[in-house]
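The values are calculated or read from the model by the stated rules, or taken from the named source; none is laboratory data. Only a predicted model underlies this, so the values are computations on that prediction, with no experimental measurement involved. No Cβ is skipped: glycine too gets one built from the backbone with ideal geometry, and neighbour counts run over all protein chains shown. All accessible areas refer to the heavy atoms of the entire protein, side chains included, with ligands and DNA or RNA removed. Shrake-Rupley method; radii C 1.70, N 1.55, O 1.52, S 1.80 Å.
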Amino acid sequence: VWPARGVALGSAAVIILTFSRMGILSLGVATAVFAAGQWSHSRRARATVAAMGLLLAALAAAVGLSALAKRYRPSTLEQEKQGRLAMWTDAIRAARRYPLTGAGAGTFPYAFRRTHPYLAAYTIDHPHNDYLETVVEWGMPAGMLLGAGVLVALQRRRRELDGAPPELRAIGWGSLAGAAALAFHSL
């Protein structure tokens with residue numbers, strides 16, 4: 001258990017030190033999902049979750065709250081929002097060109113360039129949203145089926161965890177927390 005905690009804290013430290021906004025938010029989502037799954041099962045689980053929360057807060061404080069605040073200041077977020085929203089809007093336009101079958105696996109840069117032929121010297125090869133990229137490459141029906149399949153699988157795993165032994169339940173909730181962080185970060 002302690003090696004796993006060490007790896008988790010090391011990963012958290014790396015994420016915080018990179019100042020990745022989505023990495024930090026995804027770490028928060030993972031912690032919240034894990035806490036929700038473990039909180040009601042035992043006093044030890046609550047103590048572990050509380051200790052992890054305190055350690056994450058200590059890591060954030062060690063990095064410097066002012067440094068983290070700069071990454072989230074309104075002017076930075078506004079600039080980021082303008083770029084990302086424009087890219088997402090253009091990715092939706094590319095998806096509309098190939099609504100049923102998609103442009104094909106791995107073809108996002110080409111489908112996007114076709115929507116934006118004026119981008120001669122700069123290629124956008126990823127829209128910073130895996131869901132949009134999936135819809136552009138595979139089409140809306142495949143994107144919806146893939147999303148529904150993932151949700152059904154995650155829901156089944158969550159139900160299975162209710163009857164699992166405590167050790168397996170903790171591992172399972174950790175895995176679900178990681179999946180939730182990845183799903184959130186992909187957005």
(request) Look at region 6-23 and say how many of its residues are modelled with pLDDT of 70 or more and touching a Lys or Arg at 6+ places or on another chain (Cβ under 8 Å). (result) 0
(request) Check residue 151 against each of (1) in a helix (DSSP H, G or I); (2) modelled with pLDDT under 85 and name the one condition it does not meet. (result) (2)
(request) Could you tell me which numbered condition residue 180 fails, if it satisfies all but one of (1) surrounded by 14 or more Cβ atoms within 10 Å (Cβ to Cβ); (2) not in a helix (DSSP H, G or I)? (result) (2)
(request) Evaluate region 132-146: report whether one residue or more is closer than 21 Å to residue 30 by Cα and modelled with pLDDT of 85 or more. (result) no
(message) Just to be sure before I move on: is residue 172 part of a helix (DSSP H, G or I) and open to solvent by less than 30 Å² (accessible area, probe 1.4 Å) in the structure I sent?
(response) yes
